[in-house]
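In what follows, a structure is listed as structure tokens, so that the remarks can point back to it.
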Amino acid sequence: MKLVKYIIMATTILSAVYAEAQTKKVLVAYYSWSGNTRVLAQEIQKQTGADIFEIVPAKAYSTDFQECVKVAREEIDNIKAGSEPPALKGEMPDLSKYSVIFIGSPNWCSTIAPPVNTFLKSEALAGKTVVPFCTHGTGGRATLFTDMKALAPKATFLEGYSIAGKDVKGSAEAVSKWLKEIKLLK
Ligand SMILES: Cc1cc2nc3c(=O)[nH]c(=O)nc-3n(C[C@H](O)[C@H](O)[C@H](O)COP(=O)(O)O)c2cc1C
């Protein structure tokens with residue numbers, strides 16, 4: 001009789017765990033100025049079947065590279081000195097329905113782009129699994145992933161992925177290898 005009870009209990013627990021795994025919703029949130037991080041975000045979305053959300057600043061950065069770098073550097077310095085990051089455009093996604101959230105940023109002055117800073121600060125990421133990714137020039141991932149972690153200390157971070165912006169278009173295989181390594185793709 002006891003054995004039957006244990007079997008019923010074990011089956012109930014297993015079905016609850018299975019149901020949780022089935023409903024594990026995934027979001028890919030990203031900011032992109034010139035398109036590279038968008039291409040990578042779309043690749044991750046395609047392979048994982050996730051929802052996708054583009055982080056857009058309320059005030060667009062100049063399309064002129066030099067001007068954009070100037071403003072970005074100023075904003076990054078101000079944020080480091082304690083200023084609020086820039087406001088975002090539109091509604092934030094309801095993060096309560098997601099358990100895994102990919103967050104992508106280009107490398108801007110060796111750190112995350114300010115709009116990503118705003119997203120990380122304004123959203124309830126406590127208890128979520130966060131997977132960082134980035135695209136970059138010659139500077140690599142620099143401190144991007146540790147900067148993201150510092151802004152969401154109550155989230156669990158998985159191993160991130162970074163790639164040079166010029167290589168994103170041929171990244172499908174490398175992305176799939178990474179997703180398998182972190183067990184988000186079979
Ligand atoms: C404002 C600005 C600052 C940048 N700073 C860096 C940097 O410090 N190191 C680096 O490797 N690349 C830097 N880059 C290059 C971008 O990280 C790279 O081109 C990236 O792939 C762009 O992504 P996106 O197309 O999604 O905007 C910078 C680009 C911009 C626009």
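See the values below:
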read-out	value
Residue satisfying condition, being of a type in the set (Asp, Glu) and touching a strand residue (DSSP E or B) at 6+ places or on another chain (Cβ under 9 Å), within set Asp147, Asp77	Asp147
Some residue of region 164-174 being within 16 Å of the ligand (Cβ to nearest atom), touching a Pro at 6+ places or on another chain (Cβ under 9 Å) and of a type in the set (Gly, Ala, Ser)	yes
Filter result for Leu179 (over 12 Å from the mean Cα position of the chain (by Cα), outside any strand (DSSP E or B) and closer than 20 Å to Phe53 by Cβ)	yes
Test: residue in region 69-90 that is exposed (fewer than 13 other Cβ atoms within 10 Å of the Cβ), more than 22 Å from Asp167 (Cα to Cα) and at pLDDT below 95	no
Lone qualifier among Ile76, Ile101 - being in contact with a Ser or Thr (Cβ under 9 Å, 6 or more places away or on another chain) and farther than 22 Å from Thr156 by Cα	Ile76
Filtered residues of region 31-57 (kept if more than 15 Å from Asn117 (Cα to Cα), within 8 Å of the ligand (Cβ to nearest atom) and either touching a Pro at 6+ places or on another chain (Cβ under 8 Å) or not in a helix (DSSP H, G or I) (or both))	Ser34, Gly35, Asn36, Thr37
Filtered residues of region 58-97 (kept if touching a residue at least 60 places away in the same chain (Cβ under 8 Å) and not in a helix (DSSP H, G or I))	Pro93
Top-ranked residue in region 120-154 [being within 12 Å of the chain's Cα centre (by Cα) and without any contact (Cβ under 8 Å) to a residue 24 or more places away in the chain; ranked as surrounded by the fewest Cβ atoms within 10 Å (Cβ to Cβ)]	Lys149
Asn117 in a helix (DSSP H, G or I) and surrounded by 17 or more Cβ atoms within 10 Å (Cβ to Cβ)	yes
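One line per residue, one yes/no per condition, for (1) surrounded by fewer than 20 Cβ atoms within 10 Å (Cβ to Cβ); (2) at positive phi; (3) modelled with pLDDT under 95; (4) of a type in the set (A, V, I, L, M):
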site	(1), (2), (3), (4)
Val17	yes, no, yes, yes
Ala21	yes, no, yes, yes
Ile52	yes, no, no, yes
Pro57	yes, no, no, no
Ala60	yes, no, no, yes
Phe65	yes, no, no, no
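The values are calculated or read from the model by the stated rules, or taken from the named source; none is laboratory data. These figures come from a predicted structure and were not determined experimentally. Note that each Cβ is placed from the backbone with ideal geometry, even for glycine, and that neighbours are counted across all protein chains shown.
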